[in-house]
Amino acid sequence: MQLVFNSESEALAVAEQLYNIQQIGKILIPADKTIDYQALELAVNLAGVNFPSFSFPIVSSLKCRLPYPSHERECTDNKTPKIYVACLSAYNSGHLHGLWIDATQDLEDIEDDIKWMLSWSPVADDEPCEEWAIHDYENFADFSLREYESLEYISKLAQVLDDADDADAMAAWLNYAKDPIHNPDIEKLAEEFSSYYCGHWESERDFVLKSDEIESMYNWSEFEKNFLFWSQHIDWDSVARELFIEGYDSVKASPHGVYIFREYYG
């Protein structure tokens, strides 16, 4: 019981549209030795090839695999925080099936995208497809996401990073200020960012010497003007260390420098 095509390439094009089919050269052999005519006709039309010759009854055994229309919901923006959610049923069956989802959406919209992706799983006709996992993510600055990270947390984090003028600085602040044990209040911390952020500097010493904030507190320029000799013998690295013992904190920035924050007590 065989479907015979004009060429191996035609057979391959149709095989990619059908389930439970084996290809041998230009011949396709249904696993159940029967095939649904409508499924075959649709697969042939999708592949754009000539209808094959056959010599066996065509009944309901195969289903046509419609192309997965991922483009309808796929997040393709290179700057938007996004997550790649995969169907675990498909993954465990040897299929890679998932969707890049815009993580800046509200929780309900992210959940809807996941359900939609699962409904198109290549194994959805054979088993329930309800389990999923995050297999990749992009544009979350220095944040790491787990496979089963809370979608509500991801949504809030993505929205905050996407709205920030400097996503890397915001990420540094959130990592610095968040509660390491309990879930951080991302939105509250984002609102507090401007009250604590002192900028991106080459080093703590650079901040001490050049920032208007430190200048207004200690008037270094006036000291240098009045006591030039002594100002040339100040150990500014030591001064910076003293100021950063209490009052300020620094977070390493990538690829260089540090982000400076006024000390945060939560």
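The values are calculated or read from the model by the stated rules, or taken from the named source; none is laboratory data. Keep in mind it's a predicted model, so treat the numbers as computed, not measured. In this analysis, Cβ positions are derived from the backbone assuming ideal geometry, glycine residues included, and neighbour counts consider all displayed protein chains.
Within segment 19-38, count every residue that is surrounded by 14 or more Cβ atoms within 10 Å (Cβ to Cβ), under 40 Å from the mean Cα position of the chain (by Cα) and not in a loop (DSSP other than H, G, I, E, B).
4
Please find, within segment 226-261, the residue that is farthest from the chain's Cα centre (by Cα) out of those that are of a type in the set (Gly, Ala, Ser) and on the phi < 0 side of the Ramachandran plot.
231
Any idea which residue in segment 253-262 is surrounded by the fewest Cβ atoms within 10 Å (Cβ to Cβ), counting only those that are touching a residue at least 60 places away in the same chain (Cβ under 8 Å) and touching a Phe, Trp or Tyr at 6+ places or on another chain (Cβ under 8 Å)?
Top of the filtered list is 262.
Would you confirm, using the coordinates I've provided, whether residue 233 is surrounded by fewer than 17 Cβ atoms within 10 Å (Cβ to Cβ), outside the structural domain of residue 140 (by TED's automatic domain parsing), touching a residue at least 24 places away in the same chain (Cβ under 8 Å) and not aromatic (Phe, Trp, Tyr)?
No.
Of these, 253, 190, which one is aliphatic (A, V, I, L, M) and in contact with a strand residue (DSSP E or B) (Cβ under 8 Å, 6 or more places away or on another chain)?
253
Can you work out which of the residues in segment 192-209 that are assigned to a helix (DSSP H, G or I) and hydroxyl-bearing (Ser, Thr, Tyr) is farthest from residue 243 (Cα to Cα)? Even if it seems obvious, please write down each step before you answer.
Going through segment 192-209, the residues assigned to a helix (DSSP H, G or I) turn out to be 192-196, 204-209.
Now restrict to residues that are hydroxyl-bearing (Ser, Thr, Tyr): 194-196.
Values: 194: 20, 195: 18, 196: 15 Å.
Once the filter is applied, the top-ranked residue is 194.
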